[in-house]
Structures are given as structure tokens and as C-alpha cells.
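Accompanying notes for the structure given below.
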Amino acid sequence: MDEIKLDPWGDSLVRDYEKLFTVFGIRPFREVLPLLDKPHLLHRRGVVFGHRDFDKVLQAYKSGEKVALLTGFMPSGRFHFGHKMLMDQIIYYQSIGIDVIIAIADIEAYVVRRIPRQEALRIAVEEYIANAVALGLDLSRARIYFQSNMDAPYYRLVQMFSQKVSMAEMEAIYGELSPGKIMASLTQMADILHPMLKEYGGYKHVFVPVGPDQDPHIRLARDIADRFESELGLRRPASTYHRFMTGLNGGKMSSSKPDSAIFLLEPIDSAVAKLKRALTGGRATVEEQRRLGGVPEACSVYEMY
């Protein structure tokens, strides 16, 4: 079996999503699909492919309990269709009455991508928040915050969590770590778990929609929640997992690789030019194309539909 490495700060590429079920214990999303009365297109088509304890979240939601969606964006580049896939999920869950909390990971952008804080704030507002509103996010029913602007109870979690996580454990989850990445990881734990504190709503059911590369954060957050259950009343966060959107050149769509992505604020003529150059799954020759047809599974443009 090929080794699967999930790196929340790198370029993880998953070729066989089924392996994630056996290697990391992620559950197939299809088993909870019947619990959604009106599932989103991304659910029905299997783009959202896995989950951890999302069935418990849906049961709580159907029982009228408070449920929160927590997710985050690192403002390190322009907002592309891969980001839109996550935002579409956020807007869907907001539409069915789930509370939405969005972290703008400006501290992580500074530590991991070396993005100056003022530049991260500009990108967050002009790219991420502006596009979220344009796509239909209701800001009056969402809480958006910057990591650098949170208050004492949030930052206190970072310090407390550091007491019950060993360096060996973090290296087993993430691999080799710099001090900056250690702090970024613990700050993400505060992002995921702080909605459970009474200061931030006292939610007992929190779930995080992510790509599989973020699963190391989810696993650590669930372990930390167990260790602070009696002291802080934390509970394991749930999660859902969506497939990576394939870039136009066949790799992972990424803001750092402009030719791989279509950005939502990109001029139309630029987007059209990229589509014309995109990997489309065509055959090697015209004769083969006529005889066999294309290969839609390998077509990056087809995938976007």
C-alpha cells in the first residue's frame, strides 16, 4: 500500500480516497446522507466523501440542540473555485439553521506563509469575505473573526492545551515541526474548540468541514477535547471531508500556482484562456478521440461541474 501523508501546510494529494477510511478511520459520508433532508449537490455527488461523528451532529440538529459549524481560511492568496467549494457548504448549512463561525487564520498565514499581517487582513477582506458575501453568506447570522484579534479566554486555551500535548505526539501527527508551526497548530485547536466555552456560545456540538489534508488538526483536536472534558466541558468536534478540487493542470488547485486555478475575481478573458489550456482528458490522437471519446474522469473542467 502506498503511504498516505496528510500535511496541513504542504501539498497533500490523495489519489485513493477509500484508503483514508482504513488508514485514518474516517467514515464514509454515504452512511449519513439519508439523515440530511435536502442534501447539497456536493453531498449527493460524493464530493463530500467522509466524516467523523457527523451523525451525532445531525441527530443533535434534528433534536433542536445548538449546533455550530467552525471553519477557517488562511488568507495567503486569491479566492479560487476550490475555496468556493467549501464556501458553498458553509452557505448551505447556514441556510438550514446551523450557526456559522469562520476563523481568518492571519496568525497562521504570518507564521507558515510569511504573509505580513496587514497584507493578510487585506486579502481576507477583499478576497475571502467579499466573495463569501457575493456567494450568499449572511453576515448578520455568521461570526467571522481574525486569530490576531481574539480575547483572553481564546488565547488561554492555547496555553492550557500546550500542557497536555507532548512534542513526541505532535511530531507523530505532523512530522518535523518548527516553533512557529507548533504555535499555529495549538492556535487551530483553540479555533476548533473555543465555541464550546460559555464565553463563545457554549456549543456542545461543533463540526468542521475540511479537506483531508486538515485531518491531522481534527485528530489532535479530538484528543485534546477528551483530555479537557472534565476541566472545561469540551467534547470531540465532528468533521466532514471533501475531495480536493483538481487544478487545471492536473495537480491540486492552489492560489500559489495561478495557472492551476480560476479565481472568482479574475477577468473573464483570463479565465477563458486558462480553460482553453486546461487538462481535459482528451485522447492522444483525433482518431482515438472520435473512436473512444474523451475521459471525463481525467478532465479538470468537467470536474468543476
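Coordinate-derived values only; no laboratory data. Model, not experiment: these values are computed from the prediction. We place every Cβ from the backbone using ideal geometry, glycine too, and count neighbours over all the protein chains shown.
Taking the DSSP beta bridges with both ends in the chain, the antiparallel portion is around 30 percent. In order along the range 44-60, the phi-based Karplus estimate (6.51 cos²θ - 1.76 cosθ + 1.60, θ = phi - 60°) of 3J(HN,Hα) comes to 5, 8, x, 5, 7, 10, x, 7, 10, 6, 5, 4, 5, 5, 5, 5, 5 Hz; Gly and Pro are listed as x. Could you tally the net charge around residue 33, taking each other residue with its Cβ under 12 Å from the Cβ of residue 33, Lys/Arg +1 and Asp/Glu -1? Net charge in that neighbourhood comes out at +2. Straight-line reach from residue 164: taking Cα to Cα under 24 Å and skipping same-chain neighbours fewer than 8 places apart, the lysines in range are 181, 198, 204.
The HN-Hα couplings worked out from phi for the range 170-182 by the Karplus form 6.51 cos²θ - 1.76 cosθ + 1.60 (θ = phi - 60°) are 5, 5, 5, 7, 9, x, 5, 10, 8, x, x, 5, 4 Hz, whole numbers, x standing for Gly and Pro. Which angle from 0 to 90°, rounded to the nearest 10, does the C-alpha axis of helix 215-227 make with the longest principal axis of the chain? Compared with the principal axis, the helix lies near 20 degrees. Averaging the Cα positions of each part gives two centres, and for the range 45-70 and the range 101-148 these lie 24 Å apart.
Counted by Cβ distance under 15 Å from residue 240, the other residues give a net charge of +4, where Lys and Arg count +1 and Asp and Glu count -1. Between the helical axis of 268-277 and the longest alpha-carbon principal axis of the chain there is an angle of about 70 degrees. With each label modelled as a point 7 angstrom along the Cα→C-beta vector, the residue 44-residue 270 pair spans 3.4 nm.
For a straight C-alpha distance cut-off of 25 angstrom, the lysines reachable from residue 274 (same-chain residues fewer than eight places away being disregarded) are 84, 252, 257. The calculated FRET efficiency for the pair residue 22 and residue 198, based on their C-beta separation and a Förster distance of 45 Å, comes to about 0.70.
What residues from the range 184-219 fall in the zone where the backbone N is under 18 Å from a label point 7 Å along the Cα-to-C-beta line of residue 167? Counting backbone N atoms under 18 Å from the label point, the list is 184-186.
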